[in-house]
Amino acid sequence: MTKLIIDGKEIDVPAEYTLLQACEAAGAEIPRFCYHERLSIAGNCRMCLVEVKGGPKPVASCAWGVRDCRPGPKGEPPEISTRSPMVKKAREGVMEFLLINHPLDCPICDQGGECDLQDQAMGYGVDTSRFAENKRAVEDKYLGALVKTSMNRCIQCTRCVRFSAEVAGAPEMGATGRGEDMEITTYLEQALTSELQGNLVDICPVGALTSKPYAFAARPWELGKTQSVDVMDGVGSAIRVDTRGREVMRILPRLNEAVNEEWISDKTRHVVDGLRTQRLDRPYIREAGKLRAASWQEAFAAIAAKVRMTDGKRMGTIAGDLAAVEEMFALKGLFGLYGSSNLAVQGGDAFDPTLGRASYIFNPTIAGIEQADALLIIGSNPRREAAVLNARIRKRWRTGQLKVGVIGPNADLTYDYDYLGAGTDTLTDLANGKHSFIDVLKGAKNPIVLVGAGSLSRHDGAAVQALAAKIATGVGALKDGWNGFAVLHDTASRVGALDIGFGAGAAGLTLAQMTTFGTMDMLFLLGADDVKVPDGTFVVYIGTHGDRGAHRADVILPGAAYTEKSGLYVNTEGRAQIAARAAFPPGEAREDWAIIRALSEVLGKKLPYDSLQALRQALFKVVPHLMRIDQIEPGKAGDVNALAGKGGKVDKTPLKSSVEDFYLTNPIARASAVMAECSRLAAGRMLTAAE
């Protein structure tokens, strides 16, 4: 630790701190534009100037290390002043220079009300300017469907350039020209390719980069703000949902160091328009091959009539990617009253919850990636399946302390890796210790074996999972304080479903069996749109959008989207989180658990709770760890050992990712025009690359 005196206050800080970090540790406020905690230091805005006693001029605190400060003539600690007349005058001068070419766009700028330049000009600037010449003009740039540019406002802080190169791993932005002619641009005037490009808007300290879909839609002071969690993938990123009246206007990230740091993916951020289009707002019944609008009573009566004619063993239910734990628990309870254990969640057939929690969660945790020194990725493309988690892998890789090997698709993951092979042959060789990469894993202190959902959704998924567990046990990935077996789920519902036993029990049928012709007489689809139900099966669809599930349904019951209900979700690392209600469902749509509760009464099998609170109490009695919000119930290493011993026969077919199109993975995303445009641009890039 190094001793400093900052504004007369003595403080001990680590020697590797910068002066800016030291000043903030002492409680001083340091303005900045170019400095960002998660990016490399540029030192080019000069707004963070402070005075070092004995120095002839102020220094940039972001680029000046604590260890570079000299002690006084008698060995006294270095003295730093953040409020001296020299500092005040220097900051006023810097602000005056920054505003020389900045246009007076505040009344029409989308950044107005949450703009760093506005705030710091008020706090540290002066009310006059000595500049009388014309302001320079810069042509706006095309960056794609998500980021809108007003480059006249740019102050060349280069945050966007550093974010693209360092965090996103797609170094497509840079600076051209020098001095007054300097411009920030993309190299080829093409759309950005990163799945994290929306974060450029958050880190831009002025209004140069703003959200294109949100342009001129609302002002920040008009919006109600609700803290929630994302359900577009299995990461469970912390988000803030901003609403005006009944309408969701935008989604922004919240800080959560353990999960998403302060980033979110573009799908999380820009799926907003999908929440209001193609919505189901009333019940429907299929008559003579056509759907017609109906009342809730008619819809329930049609379901009840069919249930009375159906044996419980020939009834089943499939949960979709966005289902919350509460509605799955309620549906499981209802089916239990009929003696049916035909329960499945999309992509969950390979998992056996009876083996224990460690067999199906991301045991090292997302934050734990930063302790890993070797990573084996099996049948996964983390960039598409969990873009924020992929950024965390890249962050660790950039330290030079992580070696990565991949079995499966040979894709651009934004970091270098050893490509080991596409199929299960390589996997078998690794499990038997016959591949050179096994030495990398064995030599690592904290190795991770990451299995993707795509490799487990195959019919031999259980055998692939067992082989992966065998590799993890063989390389010493399971030890005190470290469990390196990691399952990367690509959906928000799957871990919660497995936690409550929403899967085929000993007497139940799997999803593949339930969707085989002639097996089921009646199927409930709880937002399940990615299953193909054979003809002859009566389908009840509870969901939010007119997607594939609704097209196949005989009765449609309109549910609530994740922003319109309070729901429990469990992310891929097993962390229980609550998505809070920010708006209300449209029309006659209702919360899913309430639909199931009302239906149970009509069926004469009334479920024993009348409120969400009572439902959660019943849930917590059965699965107590779900009440510990934002905490992870760790799995046991013995669970992975048991999984490794299961064995099984694997196919020779290549392993592949579960996500073909990052932007169109669920009903909300498929209803979004913004996501459709992003998908079109991505497809165009792939076509160009193929040519």
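The values are calculated or read from the model by the stated rules, or taken from the named source; none is laboratory data. Predicted model only: the values in this text are computed from it and were never measured. Quick reminder, even Gly has a Cβ in these numbers, built from the backbone with ideal geometry, and neighbours come from all protein chains shown. The accessibility values were calculated without ligands, DNA or RNA, using every heavy atom of the protein model including side chains. Shrake-Rupley method; radii C 1.70, N 1.55, O 1.52, S 1.80 Å.
Would the range 634-647 turn up any residue that is part of a loop (DSSP other than H, G, I, E, B), out of contact with any Ser or Thr (no Cβ under 8 Å at 6 or more places or on another chain), loosely packed, with under 14 Cβ neighbours inside 10 Å and of a type in the set (D, E, K, R)?
Scanning the range 634-647, I find no residue that is part of a loop (DSSP other than H, G, I, E, B), out of contact with any Ser or Thr (no Cβ under 8 Å at 6 or more places or on another chain), loosely packed, with under 14 Cβ neighbours inside 10 Å and of a type in the set (D, E, K, R), so the answer is no.
Go through the range 677-691 and report how many residues are surrounded by fewer than 22 Cβ atoms within 10 Å (Cβ to Cβ) and touching a Gly at 6+ places or on another chain (Cβ under 9 Å).
Total meeting the criteria: 2.
I'd like the full set of residues that are under 11 Å from the mean Cα position of the chain (by Cα), within 19 Å of Val674 (Cα to Cα) and open to solvent by less than 10 Å² (accessible area, probe 1.4 Å), limited to the range 249-266.
Those that are under 11 Å from the mean Cα position of the chain (by Cα), within 19 Å of Val674 (Cα to Cα) and open to solvent by less than 10 Å² (accessible area, probe 1.4 Å): Ile264, Ser265, Asp266.
Quick one: is Gly27 closer than 28 Å to Ile184 by Cα, out of contact with any Pro (no Cβ under 6 Å at 6 or more places or on another chain) and either in a loop (DSSP other than H, G, I, E, B) or touching a residue at least 12 places away in the same chain (Cβ under 8 Å) (or both)?
Judged against the criteria, Gly27 is not a match.
Among the residues of the range 237-248, which ones are open to solvent by 30 Å² or more (accessible area, probe 1.4 Å) and under 14 Å from the mean Cα position of the chain (by Cα)?
Correct list: Arg240 only.
Which ones in the range 461-490 are open to solvent by less than 10 Å² (accessible area, probe 1.4 Å), under 23 Å from the mean Cα position of the chain (by Cα) and not hydrophobic (A, V, I, L, M, F, W, C)?
Once the filter is applied, which keeps residues that are open to solvent by less than 10 Å² (accessible area, probe 1.4 Å), under 23 Å from the mean Cα position of the chain (by Cα) and not hydrophobic (A, V, I, L, M, F, W, C), the range 461-490 yields Gly484, His489.
Do the conditions hold for Ala453, that is, is it within 20 Å of Tyr360 (Cα to Cα), surrounded by 18 or more Cβ atoms within 10 Å (Cβ to Cβ) and modelled with pLDDT of 90 or more?
no
Within the set of pairs 6+ apart or on separate chains, which have a first residue in the range 291-319 that is assigned to a loop (DSSP other than H, G, I, E, B) and surrounded by fewer than 17 Cβ atoms within 10 Å (Cβ to Cβ), a second that is of a type outside the set (Asp, Glu) and at pLDDT 90 or above, and C-beta atoms under 6 Å apart?
Final answer for the pair search is Thr310/Met522.
Could you list, in sequence order, all residues of the range 412-436 that are at pLDDT 90 or above and either in contact with a helix residue (DSSP H, G or I) (Cβ under 9 Å, 6 or more places away or on another chain) or among the basic types (Lys, Arg) (or both)?
Asp412, Leu413, Thr414, Tyr415, Asp416, Tyr417, Asp418, Leu420
Could you list, ordered by first residue, the pairs with Cβ atoms under 7 Å in which the first is in the range 404-420 and touching a residue at least 60 places away in the same chain (Cβ under 8 Å) and over 21 Å from Pro447 (Cβ atoms) and the second is assigned to a loop (DSSP other than H, G, I, E, B) and open to solvent by 50 Å² or more (accessible area, probe 1.4 Å), at least 6 apart or interchain?
Close Cβ pairs satisfying both conditions: Pro409/Lys656.
Take the residues in the range 549-600 that are in a strand (DSSP E or B) and among the aliphatic types (A, V, I, L, M), then tell me which one is most open to solvent (accessible area, probe 1.4 Å).
Step by step, filter the range 549-600, then rank; the result is Ile578.
Any idea which of (1) in contact (Cβ under 8 Å) with a residue 24 or more places away in the chain; (2) open to solvent by less than 80 Å² (accessible area, probe 1.4 Å); (3) over 27 Å from Glu257 (Cα atoms); (4) part of a loop (DSSP other than H, G, I, E, B) is the one Arg46 doesn't satisfy?
Going through (1) in contact (Cβ under 8 Å) with a residue 24 or more places away in the chain; (2) open to solvent by less than 80 Å² (accessible area, probe 1.4 Å); (3) over 27 Å from Glu257 (Cα atoms); (4) part of a loop (DSSP other than H, G, I, E, B) one by one, Arg46 breaks only (2).
Output the residues belonging to the range 342-372 that are open to solvent by 40 Å² or more (accessible area, probe 1.4 Å) and more than 22 Å from Ala466 (Cα to Cα).
Glu370, Gln371
Against the definition (within 19 Å of Arg159 (Cα to Cα), open to solvent by 70 Å² or more (accessible area, probe 1.4 Å) and not basic (Lys, Arg)), how does Glu16 come out, yes or no?
When the stated conditions are applied, Glu16 does not pass them.
Pull up the range 167-179, narrow it to residues that are free of Cβ contacts under 8 Å to residues at least 60 places away in the same chain and not in a loop (DSSP other than H, G, I, E, B), then point me to the one that is surrounded by the most Cβ atoms within 10 Å (Cβ to Cβ).
Out of the qualifying residues, it is Met173.
Checking the condition of a type in the set (D, E, K, R) and in contact with a helix residue (DSSP H, G or I) (Cβ under 8 Å, 6 or more places away or on another chain), which residue from Arg394, Arg384 passes?
Arg394
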